[in-house]
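Trainee: Below is the structure I would like to discuss, written out as structure tokens.
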Amino acid sequence: MRKLAACLLLLLGACVQPSAFGPEVRAVPLDQLASAAPAGKLSGVAQPVAYRVEMTVDPREAAFSGHVEIDVNLATSATGIWMHGADLDVSSVTVTAAGETRPATWTEVDPTGVVWVGFPNRVHAGGVTLSIDYIAAFDVNLAGLFRVEEQGQAYALAKSESIQARRFLPSFDEPGFKAPFEMTLIVPEDMLAIGNTPVASRAQARPGFDRITFLPTRPLSTYLLSVAVGNFDKVSAGTIPPNAWRDWPIPLTGYARSGKGDQLEAILAITPAMVEFFEEALEQPYPYEKLDIIAAPQWPSGATELAAAITYRESRILANEKSGAMFLRSMKGVHAHELSHMWFGDLVTPPWWDDLWLKEGIASWAEPAVLGFLEPDGGHDIQAVADAISAMRLDSLASARAVAQPITQNADIRNAYDAITYNKGQAVLGMVDAWFGPEQFRPALGKYIAEYADKAADSEAFFESVGKATGNPDIGRSLKTFVKQNGVPLLQTELQCSDIGAKVVLEQSRYRPLGSDADPDRRWIIPVCVSWQEGDETGRSCMLMRARRQVMPLEGASCPDLYHPNANGTGYYRFNMAGDGWARLILALPGLSATEALTAIDSGEADFDAGEMDATTLRQLLAAGAKHEDAAVASAVLSIYADLMERLEGSAVEGLRADALAASDRLRALLAEDGGDAELEASLTEFDATVLKREDARQSLGAEMDKWLTDPASPDVKLSSDLYASGLSVLLDEGGQAAYDRVLKAYNEVDDPAFGQAVAAALGSVTDPEQAARTRALIGTAELGPRETYTMAQLQMKSPQTREAMWAFLEANFPAFLKAVPTQWQRRTPGLAGYFCDNEGLDRLNALFEEYGSLAEGHERALSQTRETINLCMAQKEATQADLEAAFASVL
């Protein structure tokens, strides 16, 4: 019997699992935690495997609550883990391992939301579950889970990107940590809730509240989470039918705040064709079970690619009969951009923010790709060149970021969201797409998507995948030279002719404007194409430029009459021209393609800014560009004229005004002859009324704006939304305080998002001292909203008449101003001083941020770039001002 008992005891002992908890550990002192806290990326020792979330969200209240369980895999034994949570009031946190649950501690160590979860005992490697209960206040500055009120209705929305999910959810808030989510929301019974997946069930939770459970998600990063609650209009747009790449229909639904659902019609109508374009081009299906288009009453950015629940600032997508051509073009562009993210960013995700370009650059490249396919005559390739030029302006700074810039601190993450990531990323991808051919490049992107679906992939993985798929490693090699280093390539070019034919000698260096201390010793692998014309013959020669200096034979040419060093404008580089190259190109410029004309104008202006082109030649270049028939080229020239008129204000520059008037008259004649281009019409009307201040244009625009304010719904009003801001500016210029009162009254009474945005632009542009004082008061109260507050301050700084008073206001109220603007925009605030062009302004900028810089997290890069911008402006002014004044003094 004793033997039997002993055997039973041994058997029972064998069934008892050893504890996953080891020896007890002491709590780590806060100062030690602070010194050990990761400033950027977490170590990866703890990997989230799955989330189960339940939140109570009532937008009518000031706070929300939540419970989350996170399954985590520990790669090694640990006494605690680093994770994320910002300003959360955590009431309980436990850790469960091998079926045993013990209490843990929660310590927020860093203001960016880095948290130490301390274990009572060392926990062995393997699977554990964290369980956390918490409450938090809704944010008021459009970050994390925030609430807004519009027309008496309250809404709650989650802005998770980039590191804002930690403000409403304890989590591993990095893009590389992808895991499935099971989401449940408890919301008021009369409100809708929108998540990343379809609703699985809805039932009463308690009197007045429903529990809404969503289907589990695919693996997602936290920045892609959707939580939206409110009295939304829900607009069903049917389904996107199955096709060769997808065997299921996609339910398509739009959401807008109460009363605005009908204004989603335009964006819902264009969605199926865009989705199908991406599926066909990538040979990959749309990856999610539904597609929701959400118009948010307030949103800090233009849009965010929350997975299967794309969320837009309503003023970007709500359209009505007054929506202008420029608005509609912008709406289509931002929609193409966000839809591409369903594959690039959501399905395949960069592991960390230094590879942000893998989603934002690719999505920006996708805009002209999809729109050019759907609207071949829409000029979307021209817009892509204009976007590349805007990137080059920032990329000309020595302090500019590289596209894939290492990011070591959380505070630096939002600095990656700039024209370098978006527009330079778009430009270099477009250059490669054009060079190697869409038939090679686009299917390779699809293979990259298939290879890394539901995973994270960095730049090296992208280069390798595309090179392998195309069988052409030069694609990745060329891209890498543009992505991994900053700066704009400059090609010095010279045409040489001999008995054996023509050639162009090319030499590359880094472009540097006057005053720049950037290192010119830089090399890229550049896809270069040169177009040429000889009599009636035209040609194009291309090469992959690897060396600092190379010679390109012009096959078929003996000695061309002219050449353009950036054929079709697809190359991401600037050029200058030896000998009479510029003179010949300027003569031919009105007949060039729009993309070649734009790049010629940009390279010429850059040549002037570098001290290589004189102002007389610049004037000739602009006059030739003003004769081009394309609206984008004409608009670019008008923009340069406007900048020059502001720069030369007060100088005797009658020739500049005469040139601008001649350009305006010619474009008016062109519009009358061709029956009108709505975008050019709007640009020209704004230029005439607000820059040239032509009385006929001001009277006409002011009269239409007056009629609109009297009755916005009147069919007699012929004013498009593209001209709301300039129309309001005319009325404010001429109407004094009574006009200001009228505009504010309309802002409070007219429920039109595009109009509300225009009001902020117009009030920010006032120059009358009394009106400007009222605008500064509005900035102080922030009553028009966080985005609008920043916009008005920026425009007041832009104007020389209001700059001094606005900066003095900022000096006196900077902490309050930072609290009033969107949280993720605080880092930008040094840029408000970028309109200064003297040492006094530079000193005042430095003094302001020496005192208050600690309040503007991540401001250091913007401060460095703004200092450089001011110094370059001073160098430019000293070297070229007299030349400009002399060149534009007389009427030709």
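The values are calculated or read from the model by the stated rules, or taken from the named source; none is laboratory data. What you see is a predicted model, and the numbers here were worked out from it, not measured in a lab. As a convention, Cβ positions derive from the backbone with ideal geometry for all residues, glycine included, and neighbour counts pool all protein chains shown. Remember, those area values only see protein heavy atoms, side chains included, never the ligands or the DNA or RNA. Shrake-Rupley method; radii C 1.70, N 1.55, O 1.52, S 1.80 Å.
Trainee: Quote the charge dipole size of segment 463-518 about the Cα centre in Debye, to the nearest 20; the model charges only the Cβ of Lys and Arg (+1) and of Asp and Glu (-1).
Mentor: Details: 7 positive and 6 negative charges, 59 e Å.
With Lys and Arg at +1 and Asp and Glu at -1, about 280 debye.
Trainee: What is the antiparallel percent of DSSP beta bridges lying wholly in the chain, to the nearest 5? All intermediate terms of the calculation are to be shown ahead of the outcome.
Mentor: Values: 109 of 132 bridges.
Within the chain, antiparallel bridges account for around 85 percent of the total.
Trainee: Quick one: length gained pulling Asp247 to Ser91 fully straight, 0.36 nm per residue minus the C-alpha distance? Mind showing how you got there, number by number?
Mentor: Numbers: separation 156, 0.36 × 156 = 56.16 nm, distance 4.63 nm.
Gain on extension, Asp247 to Ser91, equals 51.5 nm.
Trainee: Here is a follow-up. Pick the calculated P(r) over Cα pairs in 20 Å bins from 0, in percent for this structure from [x] 12, 35, 35, 16, 2; [y] 13, 44, 33, 8, 1, 0, 0; [z] 12, 32, 29, 18, 9, 1?
Mentor: Computed from these coordinates, P(r) over Cα pairs in 20 Å bins from 0, in percent corresponds to label [y].
Trainee: Using a basic spin-label model with each label point 7 Å from the Cα along Cα→Cβ, how many nm lie between Ser890 and Thr129?
Mentor: 8.7 nm
Trainee: Given the convex hull of the Cα atoms of segment 64-178, what is a quarter of its surface area in nm²? Numbers along the way, then the final one.
Mentor: Working: hull surface 30.6 nm².
If I average the Cα hull's projected area over directions, I get 7.6 nm².
Trainee: Sort segment 685-782 into rounded, prolate or oblate with this rule: let a ≥ b ≥ c be the square roots of the eigenvalues of the Cα gyration tensor; rounded if a/c is under 1.5, and if a/c is not under 1.5, prolate when a/b is larger than b/c, oblate otherwise. Intermediate values should be presented prior to the final figure.
Mentor: Values: a/c = 1.82, a/b = 1.18, b/c = 1.54.
Cα axes put segment 685-782 in the oblate bin.
Trainee: Using the beta-carbon distance between Ala62 and Arg122 and R0 = 25 Å, what value does 1/(1 + (r/R0)^6) give for FRET efficiency, to the nearest 0.05? Let's see the in-between values first.
Mentor: Values: r = 40 Å, r/R0 = 1.60.
It comes out at approximately 0.05.
Trainee: Here's a follow-up. Between Gln881 and Arg668, 0.36 nm times their residue separation minus their Cα-Cα distance comes to what? Write down the numbers at each step before the final one.
Mentor: Details: separation 213, 0.36 × 213 = 76.68 nm, distance 3.09 nm.
That works out to 73.6 nm of additional length.
Trainee: Could you please put Thr481, Thr538 in sequence from largest to smallest accessible area, using a 1.4 Å probe? Don't skip to the end; give the middle numbers.
Mentor: Working: Thr481 30, Thr538 100 Å².
The ordering from most to least exposed comes out as Thr538, Thr481.
Trainee: Kirkwood Rh over alpha-carbon pairs of segment 773-836, then Stokes-Einstein at 20 °C and 1.002 mPa s: what D in µm² s⁻¹, rounded to an integer? Working shown, then result.
Mentor: Numbers: Rh = 11.4 Å.
My calculation gives 188 µm²/s for D.
Trainee: In addition: Which ³J(HN,Hα) values in Hz, rounded to whole numbers, follow from the phi angles of segment 404-415 under the Karplus curve 6.51 cos²θ - 1.76 cosθ + 1.60, where θ = phi - 60° and Gly and Pro get x?
Mentor: Result, ordered by residue: 9, 8, x, 10, 10, 10, 4, 5, 9, 4, 5, 5 Hz.
Trainee: Further, regarding this structure: State, to one decimal in nm², a quarter of the convex hull surface area for the C-alpha atoms of segment 796-892, i.e. the direction-averaged projected area. Provide the component values of the computation, followed by the final result.
Mentor: Values: hull surface 29.4 nm².
So the mean shadow area of the Cα hull is 7.4 nm².
Trainee: Hey, what number do you get for the chain at 222 nm if only DSSP H runs of n ≥ 4 count, each worth -39500 (n - 2.57), divided across all residues, to the nearest 500?
Mentor: -13500 deg cm²/dmol
Trainee: Kindly write out, for segment 377-394 in residue order, the coupling ³J(HN,Hα) from the Karplus curve 6.51 cos²θ - 1.76 cosθ + 1.60 (θ = phi - 60°), rounded to whole Hz, with x marking Gly and Pro.
Mentor: 9, x, x, 6, 5, 5, 4, 5, 5, 4, 5, 4, 5, 5, 5, 4, 4, 6
Trainee: Less than 27 Å apart at the alpha-carbon level, and either on another chain or at least 8 residues along: which lysines does that give for Lys234?
Mentor: Straight-line reach from Lys234, under 27 Å: Lys159, Lys260, Lys290, Lys322, Lys332.
Trainee: What FRET efficiency, computed as 1/(1 + (r/R0)^6) with R0 = 45 Å and r the Cβ-Cβ distance, is obtained for Asp262 and Lys693, rounded to the nearest 0.05?
Mentor: Values: r = 38 Å, r/R0 = 0.85.
Between Asp262 and Lys693 the formula returns 0.75.
Trainee: How high is the relative contact order of the chain? Use alpha-carbon pairs under 8 Å, at least six apart in sequence, and give a whole percent. Before the final figure, lay out each step's value.
Mentor: On the way: 1742 pairs, mean separation 70.4, N = 892.
Result for the chain is 8 percent.
Trainee: Past the 32 Å Cα-Cα mark, which pairs from Lys707/Lys877; Lys424/Lys627; Lys693/Lys819; Lys693/Lys877? Before the final figure, lay out the partial values.
Mentor: Details: Lys707/Lys877 43 Å; Lys424/Lys627 28 Å; Lys693/Lys819 37 Å; Lys693/Lys877 26 Å.
Lys707/Lys877; Lys693/Lys819, as the Cα separations exceed 32 Å there.
Trainee: Under a plain spin-label model, where a point goes 7 Å from the Cα along Cα-to-Cβ, how far apart in nm are Glu555 and Lys234?
Mentor: In this crude spin-label approximation the distance works out to 6.1 nm.
Trainee: If r is the Cβ-Cβ distance from Glu537 to Arg26 and R0 is 51 Å, what FRET efficiency results, to the nearest 0.05? Walk me through the numbers on the way to the answer.
Mentor: Values: r = 84 Å, r/R0 = 1.64.
Efficiency for this residue pair is about 0.05.
Trainee: Let me ask you something else. Taking a probe of 1.4 Å, how large is the accessible area per residue of the chain, in Å²?
Mentor: Details: 34500 Å² over 892 residues.
Value for the chain: 39 Å² per residue.
Trainee: Ignoring ligands, DNA and RNA, please state the percent of accessible area on the chain from carbon and sulfur, probe 1.4 Å. Numbers along the way, then the final one.
Mentor: Details: 17500 of 34500 Å².
Exposed carbon and sulfur together represent 51 percent of the surface.
Trainee: Now a separate question. Using amide H atoms built in the peptide plane, which far-off residues or other-chain residues are under 5 Å from Glu61 H to H?
Mentor: Hits under the 5 Å cutoff: none.
Trainee: A follow-up question, please. Taking 25 °C and 0.890 mPa s as the conditions, I'd like the Stokes-Einstein D for segment 254-356 in µm²/s, using the Kirkwood hydrodynamic radius from alpha carbon pairs. Present the calculation step by step, with values, prior to reporting the outcome.
Mentor: Numbers: Rh = 14.3 Å.
So the translational diffusion coefficient is about 172 µm²/s.
Trainee: Something else now. Restricting things to alpha carbons, find the Rg to Rh ratio for segment 388-488 using the Kirkwood radius for Rh.
Mentor: Here the Rg-to-Rh quotient is 0.99.
Trainee: In sequence order, what are the phi-derived ³J(HN,Hα) couplings for segment 808-815 according to the Karplus relation 6.51 cos²θ - 1.76 cosθ + 1.60 with θ = phi - 60°, rounded to whole Hz, with x for glycine and proline?
Mentor: For segment 808-815, the Karplus-derived couplings read 4, 4, 5, 4, 7, 9, 5, x Hz, x marking Gly and Pro.
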